[in-house]
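Every number here is computed from the coordinates shown, using simple stated rules; none is lab data. Small disclaimer: the values here were computed from a predicted structure and weren't measured.
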Amino acid sequence: MDFIQHISSKISLTEAEKERINKAFKTERHAKNTILMLPGANSQKATFVEKGLLRTYYTHNDKDITHFFFEEGFVSMNIDSVFFNQPTPYGTEALEDVTLRTIQYRDFLALSEEIPPLKDYVFLTSIQMVKLFSDRLYSLQFHTAQERYSTLLNDHPSILMRAPLGHIASYLGITQQTLSVIRSKTK
């Protein structure tokens, strides 16, 4: 999804504002399996996924655990770093070849002073992400593995086709073996 089309679907912008935003955001392309950031980094960058699939992950007891998937149309930003100037516990990996639109958060703030509707975009996007993470936490606490899998299948079916099974299993909080059993029952 093109970034300007995406942002224009959320807020009203003039053609000049669209052009200014387009110039402010850099385009980055990364190959599949590229680690974009290791856990413990301090990134001040906001990222929009135009094409491809990213995952954020953390390590615990030498295990790699998927925290979240970011597919086309999603915005990612390290809250720990941007708002608290602390290293983030999450790393970021490209699970496919990706095209990203990025901007340093301080530059985005300056741009939002020039283009006030961007503040509405930040608010809307923030609320959307809080809702997604709230739903995820609720699901991990109260849903069975089968229910978590069904939710992923219903809400983001493309992830099941695009991400390795080990990453999907860790995202769902189950073993790869349990995922295989659930998938065989679902077919």
Range of Cα positions in the stretch 37-76 per principal axis (Å), largest first: 33, 19, 10
For the chain, set up a GNM with springs between Cα atoms under 10 Å and report which of LEU53, LEU153, LEU100 has the largest fluctuation. LEU153
Of the residues ASP62, ASP155, ASP107, which exhibits the maximal mean-square fluctuation in a Gaussian network model of the chain defined by a 10 Å Cα contact cut-off? ASP62
Compute for the stretch 73-112: radius of gyration divided by Kirkwood radius, i.e. Rg/Rh, restricted to C-alpha atoms, rounded to two decimals. 1.00
Taking the Cα centroid of the stretch 111-187 and of the stretch 64-108, what is the distance between the two, rounded to the nearest whole Å? 15
Where does the Debye-calculated log10 I(q)/I(0) of the chain sit at q = 0.16 Å⁻¹, using only Cα point scatterers of equal weight, no solvent? -1.06
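Would you kindly calculate the mean projected area, averaged across all directions, of the convex hull enclosing the Cα atoms of the stretch 1-106, in square nanometres?
Here the figure is 6.8 nm², rounded to one decimal.
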